[in-house]
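Worksheet: one structure, shown below.
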Amino acid sequence: MRTLRERLQRLLQSLGEGVLLLGQALYWTKAAPRNADKILTHLWEFGNATLPIASLMAIFIGGVLALQTGSRLAQFGLEGNIGGIVGLSMVKELGPVMTALLVAGRVGSAIAAEVGAMNVYEEIDALKTLNINPVRYLVMPRLVASIVAVPALCMYVNVIGLLGGAIVSSINPKIAVGVRLFRLNFQEVVKFADVMDSLLKSVVFGVAVAITCCYVGLRTTGGPEEIGRAVTRAVVLSFMFIFVLNYLITRILM
């Protein structure tokens with residue numbers, strides 16, 4: 001019972017420290033214009049690390065969605081509704097969630113490793129000695145880059161996923177829904193509010209991934225072997241936060 005209590009206390013303490021780190025990073029966004037070069041560098045890293053695999057992931061997710069739902073709908077003569085079903089699935093859920101998971105695995109792991117290595121090798125202490133705030137120098141640029149990059153990647157994934165669904169719907173003889181009919185049904189079903197919900201989710205997920213990975217990196221101590229453990233911990237925690245936040249946001253927006 002004591003161990004369980006200690007774990008709960010440690011969890012609540014970590015959550016509180018994470019929220020405090022988020023507040024400090026948001027406070028230092030006032031220095032974002034002076035750190036534009038660092039933010040642009042991190043934006044480039046986000047895109048360079050995730051864009052190719054995001055394209056591959058999105059087009060096949062959209063294709064599988066169309067293949068699975070279209071064949072079932074065709075059995076009841078409802079294949080004309082496939083554009084709306086694939087569109088809602090991509091925009092409301094799969095687009096933001098899969099993008100956030102990809103960013104956490106590709107970019108979040110790199111953030112945790114980089115910041116963790118700096119902490120292990122006492123580079124962060126050197127920054128403090130030089131009167132450089134680590135949150136402003138390390139966390140804030142990555143947070144701003146994540147807030148910008150994750151929604152942009154999410155919209156890109158949504159578009160590519162819809163393209164994949166439209167292609168599969170048109171070339172599969174069991175579905176046989178043309179691109180024009182697919183697009184018209186998508187426009188009829190998916191509203192602007194749905195797109196805004198997708199953007200909101202992606203922004204929240206981007207904040208969660210950036211803060212979680214930076215927090216884990218800043219708390220990394222010990223030797224080089226701890227850096228690998230920190231990367232694993234950061235990615236797993238990011239995944240957990242994405243799933244929990246996805247449920248909470250979906251419940252609130254219903």
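Just so you know, all these numbers are worked out from the coordinates, no wet-lab data involved. Model, not experiment: these values are computed from the prediction. Neighbour counts run over all protein chains shown; Cβ positions are idealised from the backbone, glycine included.
Between residue 167 and residue 232, the distance separating the two model label sites (each 7 Å from Cα on the Cα→Cβ line) works out to 3.7 nm. When only alpha carbons are used to place a centre, the stretch 1-79 and the stretch 89-159 end up 9 Å from one another. Note on residue 221 and residue 133: with the Förster distance fixed at 22 Å, the Cβ-Cβ geometry gives a FRET efficiency of about 0.65. Computed over the chain with a Gaussian network model linking Cα atoms closer than 10 Å, the most mobile of 224, 173, 141 is 173. Per residue of the chain, the DSSP helices (runs of n ≥ 4 H) give a summed -39500 (n - 2.57) that works out to -27000 deg cm²/dmol at 222 nm. The length gained by stretching the chain between residue 159 and residue 93 to full extension, at 0.36 nm per residue less their Cα-Cα distance, is 22.4 nm.
The count of lysine pairs in the chain with alpha-carbon distances below 20 Å, taking only pairs 8 or more places apart or on different chains, stands at 6. The simple Förster model, with R0 at 45 Å and r as the Cβ-Cβ distance, assigns residue 252 and residue 123 a FRET efficiency of 0.65. Taking the chain as a Gaussian network of alpha-carbon nodes connected by springs under 10 Å, the highest mean-square fluctuation of the residues 94, 65, 130 belongs to 130. For the chain, a simple Cβ point-charge model (Lys and Arg +1, Asp and Glu -1, everything else neutral) yields a dipole of about 440 debye relative to the Cα centre. Shape call for the stretch 90-145 from the C-alpha gyration tensor, a ≥ b ≥ c root eigenvalues: rounded (a/c under 1.5), prolate (a/b greater than b/c) or oblate? It comes out oblate by the Cα gyration axes. Taking 0.36 nm per residue of separation and subtracting the current Cα-Cα distance, fully stretching the chain between residue 176 and residue 30 would add 47.2 nm. Overall, the anisotropy analysis places the stretch 174-225 in the oblate class: the square-rooted eigenvalues a ≥ b ≥ c of its C-alpha gyration tensor yield a/c not less than 1.5, with a/b not exceeding b/c. Between residue 71 and residue 240, the FRET efficiency from the beta-carbon distance, with R0 = 25 Å, is close to 0.15.
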